[in-house]
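Here is the structure we will look at, set down as structure tokens.
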Amino acid sequence: MSNIIQLLPDHVANQIAAGEVVQRPASVIKELLENSIDARASRIQVVIKDAGKTLIQVVDDGMGMSLTDARMSFERHATSKIKLADDLFSLKTKGFRGEALASIAAIAHVELRTRTENDEVGTCLKVEGSQVTSQDACVTPKGTSISVKNLFYNIPARRNFLKSDNVETRHIIDEFQRVALAHPDISFSMIHNGNELFQLPVTNFRQRITNILGGKTNEKLVPVEEDTEIVKISGFVGKPEFAKKSRGEQFFFVNNRFIKSPYLNHAVTASFEGLLKEKSYPGYFLYLEVDPKSIDINIHPTKTEIKFDDEHALYAILKSTIKHSLGQFNVAPVLDFERDSELDTPYDYKNKQADVPQVEVDRNFNPFQNESSRASQFSGGTNFRKEKPAEWESLYSGMQSETDTDVDLRQIEFESEEVTGNLFGAKEEQAEKSTFQVQKKYIVSTLKSGILVIDQHRAHTRVLYEELLKNITVSSAVSQQLLFPLRLQFNAHEVEMLKEIKDSLEQTGFIFSAINKDEVEISGIPTLISESEVEILLEQLLADFEKDVPDNGFSQTDLLAKSLANSMAVRSGTLLNSAEQQHILNRLFACKEPALSPFNKTVFTTLTVDELDKKFA
Ligand code: ADP
Ligand code: MG
């Protein structure tokens, strides 16, 4: 039998290996920026076209390469940064694998121009699919310029796999920001399709953060500083009142390298305990310096996760340091945050005397009798929750249109007039209702066949969701013009996301009069929301988009409608008057899918007369 094993040709091996290093244009940016920093550049310029799909160019004024090094740099495992395996444990550079340039050159058209300080002429090289196609001496400034064109030109499947330009640009901005935040002593700029997205002069950490995240960031930062034997911590945390709905502004840098660490993130969050509103995330920019020997950055190919020797100690130090900073800068707990509005005394109760509780004694009660029948009552009670969603239609047999629903529900008599009168002391008002509210959370109504209990928030979310979908896809909503346009600050990343969904947002009633680098101007908003809600609503929307990057038009529309509906809908804890209750009820049953919220949660449940009868058996 003949032998069948062969070595893969270099260009095939390179393409395969490239997949690990280069997932998308943003990975190229990251590798090239890191190389420029390792080359001790003091100024780095990035130019991209079409979200990096057509061109990514990084120009630095670093130490450059000799002719031989320039040729060598594209070989796999060619690196100037480590010589021995031992060097891995004292890494001071970002690169060390010697794979990035080889990988990039395997899947793109690359042009390199480079010159060292001591050479008079530089070297220009062109490499396509791992093959050097030209090599010349050329006049070029000291430093290195690398252009990467037509990424994945020879792997169509990967190229087609890339997301929309907006999404890829967001990834690029993310990588760029991470690197720029870690190196305020280097000036950076970024130009996309001829527009300048960033121009960052040499400065300190605080100013760099502000330059990147925009305008008012400076006032929101609380400095953090600690020096211990195992770690030196510096940087900033955001004041709790500026905590955001998204995790977008959370950065850890370890030895100037951006890393992700859910564990350390937990330490930070824990130190904010009691200071944050529910579901909001504090911003942080924390720079940790540790002995390179005490970490292993080798466990992840794209190197954003690292392993610390002494994770527990690090956790404890981080947590107490931040707590201390927050205390020192007078960021006192706002005790109100968690207040439960359900505990508030309704206004008309305030001056009332408490009713004397009446004790009722069941003289016939015998604890040893009927044990089993009582048990079954309770299990019966939980059964109705599981009612099949599709059965809602049969609840209103014969009702087809919205007007039918109206008529029928109005005809339903409010059966418990006396009881509510006693309970709430508001007999006259209650008497006309065919709905009432329980715990400011549920709307209860009677049916021909029993009782209907609706979750007010979920019901309203469903109603708004269907309406928004219609606005975005079929007929746009009207807007309310603002007397004075609203100016809201966002970071570059958020602005890019907003641009992406601007058209859909305008269909729902928003009018954007200007979108600048770190600020948007809004001159019209949907009629259903008030001006004061706009910021929080957009923030939530951006947070939702960050969590869940939609990759096609439909899922984008759907996510947008879901997020807005969820933010705009009445919350539990909101008191609704009878007209409002009716309104939600009627519109809910005019929906295509009233039984489920857009997040697939049960919207209402019923209790039939049969089930009630059983309870009184
Ligand atoms: P690594 O960074 O892991 O060493 P790369 O493939 O990214 O591997 O780069 C290979 C080598 O090319 C580097 O070790 C460095 O010597 C050289 N090099 C790459 N980019 C630059 C640059 N911008 N300036 C100077 N030298 C560079
Ligand atoms: Mg490198």
* Whole-Å semi-axes of the ellipsoid equivalent to region 169-227 (Cα gyration tensor, √5λ, descending) -> 22, 12, 11
* Kindly write out, for region 275-288 in residue order, the coupling ³J(HN,Hα) from the Karplus curve 6.51 cos²θ - 1.76 cosθ + 1.60 (θ = phi - 60°), rounded to whole Hz, with x marking Gly and Pro. => 9, 10, 6, 4, 6, 10, 10, x, x, 7, 9, 10, 10, 10
* Structure fact -> In this structure, among 232/319; 245/277; 441/592, pairs with alpha-carbon gaps over 18 Å are 441/592
* Asked: Could you give the alpha-carbon Rg of region 14-121 over 2.2 N^0.38 Å, rounded to two decimals?
  -> 1.06
* Apply the Kirkwood formula to region 1-68: the hydrodynamic radius equals the inverse of the mean of 1/r over all pairs of different alpha-carbon atoms; give it in Å with one decimal. => 14.5
* Dipole moment magnitude, nearest 20 debye, region 208-328 about Cα centre, only Lys, Arg, Asp, Glu C-beta charged -> 680
* To do: Determine, for each peptide in 8-20, 121-133, 30-42, the mean count of other beta carbons within 10 angstrom over its residues, then list the peptides with the highest first.
  => 30-42, 121-133, 8-20
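If the viscosity is 1.002 mPa s and the temperature 20 °C, what translational diffusion coefficient in µm²/s does Stokes-Einstein give for region 208-328 when Rh comes from Kirkwood over Cα pairs?
Value of D from the Cα-based Kirkwood radius: 146 µm²/s.
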* **Per residue, the convex hull volume that the Cα atoms of region 436-605 enclose (Å³)** => 121
* Roughly how many debye, to the nearest 20, is the charge dipole of region 556-617 about its Cα centre, given +1 on each Lys and Arg Cβ, -1 on each Asp and Glu Cβ, and no other charges? -> 180
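What is the Cα radius of gyration of region 10-200 over 2.2 N^0.38 Å, N being its residue count?
Working: Rg = 15.7 Å, N = 191, 2.2 N^0.38 = 16.2 Å.
Ratio of Cα Rg to 2.2 N^0.38 Å: 0.97.
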* Asked: Give me the log10 of I(q) over I(0) for region 46-96 at q = 0.16 Å⁻¹, as the Debye formula computes it from C-alpha points; what are the numbers?
  -> -0.70
* To do: Using the structure shown, list the pairs from 83/142; 440/502; 220/470 with a Cα-Cα distance above 31 Å, or answer none.
  => 440/502; 220/470
* Starting from the amide H of residue 519, placed 1.01 Å from N in the peptide plane, find each other amide H under 5 Å away whose residue is 5 or more places distant or on another chain. => 490
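If you put +1 on each Lys and Arg Cβ and -1 on each Asp and Glu Cβ, how big is the dipole of region 1-114 around its Cα centre, in Debye rounded to 20?
Magnitude of the dipole: close to 200 debye.
Just so you know, all these numbers are worked out from the coordinates, no wet-lab data involved. This one's a predicted model, so the numbers in the text were calculated from it and none came from an experiment. Every residue, glycine as well, gets a Cβ built from its backbone with ideal geometry; the counts of neighbours run over all protein chains shown.
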